[in-house]
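See below for the structure under consideration.
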Amino acid sequence: MALFAVNKPLGRTSHDVVDMARKRLGTRRVGHTGTLDPLATGVLILAVDASTKLVPFLSVEDKEYIAWVSFGVTTLTLDAEGQIVEESPKRPTRREIEQALPAFLDVTEQTPPAYSAVKVGGVKAYEAARKGQAIQLEPRPVKYLEVSLLAYDLAPIAHRIAPSATGWQLSERGRKVELPKPVGEYPTAVIRLVVGPGTYVRSFARDLGEQLGSKAFLSGLVRTRVGKVGLEQAQTIENLDIHKTLDELEVLSCPSVELSHTEAKRVMEGVPLPIPAKGLVALVGPKRRLVAIAEGDGFKLRIKRVFKE
């Protein structure tokens, strides 16, 4: 199996990156574990061939971002790609932003952006939006795990960033960040987020602006971590090293259980094991080979996916 971490470049879609990987790796079986918008950069995990079976398990990992949220206007797409559709004279202060952020830790639902891949009646929201069709998007479950203000500037500034013991932070000696072409010189908060699956950072920008009595949009975004895989592990798609793969056991956040040769054989046959574990578990056979992903109820494991030789 093969997993790769790449740093999605600005202006490319996640599908563009998948297509580039297919050509580089010589296979059609390439998927990813979570879409990044064209104007976002950062960690995109690619799963190749048999590793595509891991996508459902890696897609639900927590994700870390550094977001640039600009205040005073909002756009059609809630990011720097869309045209300005609403304005507000309100410009929040740094203190107001700091006071507003903790409330997101209690948020459990979020309405997706109109320009998103969410389907309503079998139609993708962005397809309907492009046709000028109004569809009702229902709130979806989300989870904010960490939210903190890193900087507040008069306009979007491409700060350098670096990993630290408390997640990715701003650092003068860190790596360069590439931001989209600015919509205008609007005051911009740089915010670190750790969120659960299905959370739209564009919706976060919209909701933060409304909470502060203003309008806001996402003027830049870097995904700095997916689960246990950080941006420091990512390579460029243009120079993808086919030998620089990720160890699937180090990528998966769930605990692992080592099996004997006999137990591994039973698992390969789909036989559940009487192991008292709860939640997802990686079952590992001889030579540290991932045999299966199972789910435990505290008494025994139910096999969810088997990985054959």
#### Entry: Per-residue [θ]222 nm for the chain (sum of -39500 (n - 2.57) over DSSP H runs n ≥ 4, rounded to 500)
-4500 deg cm²/dmol
#### Entry: Out-of-range pairs (alpha-carbon distance over 21 Å; input Lys228/Lys300; Lys265/Lys287; Lys143/Lys228; Lys143/Lys181; Lys63/Lys300; Lys23/Lys287)
Lys228/Lys300; Lys143/Lys181; Lys63/Lys300; Lys23/Lys287
### Summary
Share of accessible surface on carbon and sulfur in the range 186-309, whole %, 1.4 Å probe and ligands ignored, is 50
### Query
Cα centroid distance between the range 275-299 and the range 17-47, in Å?
28
### Task
Would you work out which of Thr224, Ile157, Thr35 lies farthest towards the positive end of the dipole of the chain? Charges go on Cβ: Lys and Arg +1, Asp and Glu -1.
Thr35
### Query
Hey, which lysines would be in cross-link range of Lys90, C-alpha to C-alpha under 18 Å, not counting anything within fewer than 8 residues on its own chain?
Lys215
### Loop trypsin sites (Lys or Arg not before Pro), the range 145-244 (other Cβ atoms within 10 Å of the site Cβ: 16 or fewer; DSSP)
Arg160, Arg173, Lys176, Lys228, Lys244
## Note on the structure
The percentage of the accessible area of the range 1-78 (probe 1.4 Å, all protein chains present) made up of carbon and sulfur atoms, to the nearest whole number, is 51
### Message
Quick check: pseudo-label points 7 Å beyond the Cα along Cα→Cβ at Glu178 and Glu238, how many nm apart are they?
### Response
0.7
## Note on the structure
With Cα coordinates, the longest principal axis of the chain makes an angle with the long axis of helix 201-211, in degrees rounded to 10, of 40
### Summary
Once the mean of 1/r over all distinct C-alpha pairs in the range 203-309 is inverted, the Kirkwood radius in Å reads 17.0
### Task
Return one whole number: the accessible area per residue of the range 189-309 in Å², for a 1.4 Å probe.
47
### Query
Under a point-charge model restricted to the Cβ atoms of Lys and Arg (+1) and Asp and Glu (-1), what is the dipole moment magnitude of the chain relative to its Cα centre, in debye to the nearest 20?
820
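May I ask you to derive the FRET efficiency for Thr35 and Lys228 from their Cβ-Cβ distance with R0 = 25 Å, giving the value to the nearest 0.05?
Approximately 0.80, to the nearest 0.05.
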### Query
Can you list the aspartates and glutamates whose alpha carbon is less than 12 Å from that of Lys8, not counting same-chain residues fewer than 8 positions off?
Asp16, Asp37, Glu178, Glu238
## Note on the structure
With the charge dipole of the chain built from beta-carbon charges (+1 for Lys and Arg, -1 for Asp and Glu) about the Cα centre, the Cα from Thr75, Pro89, Ala292 projecting farthest to the positive end belongs to Ala292
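Report, to two decimal places, the Cα Rg of the chain normalised by 2.2 N^0.38 Å (N = number of residues). Don't skip to the answer; put the middle values down first.
On the way: Rg = 21.0 Å, N = 309, 2.2 N^0.38 = 19.4 Å.
Rounded to two decimals, the normalised Rg is 1.08.
The values are calculated or read from the model by the stated rules, or taken from the named source; none is laboratory data. For clarity, every value in this text was computed on a predicted model and none was experimentally measured. Counting neighbours? That spans all protein chains shown, and the Cβs are built from the backbone with ideal geometry, glycine included. What goes into the accessible areas is simple: the full protein's heavy atoms, side chains included, and nothing from ligands, DNA or RNA. Shrake-Rupley method; radii C 1.70, N 1.55, O 1.52, S 1.80 Å.
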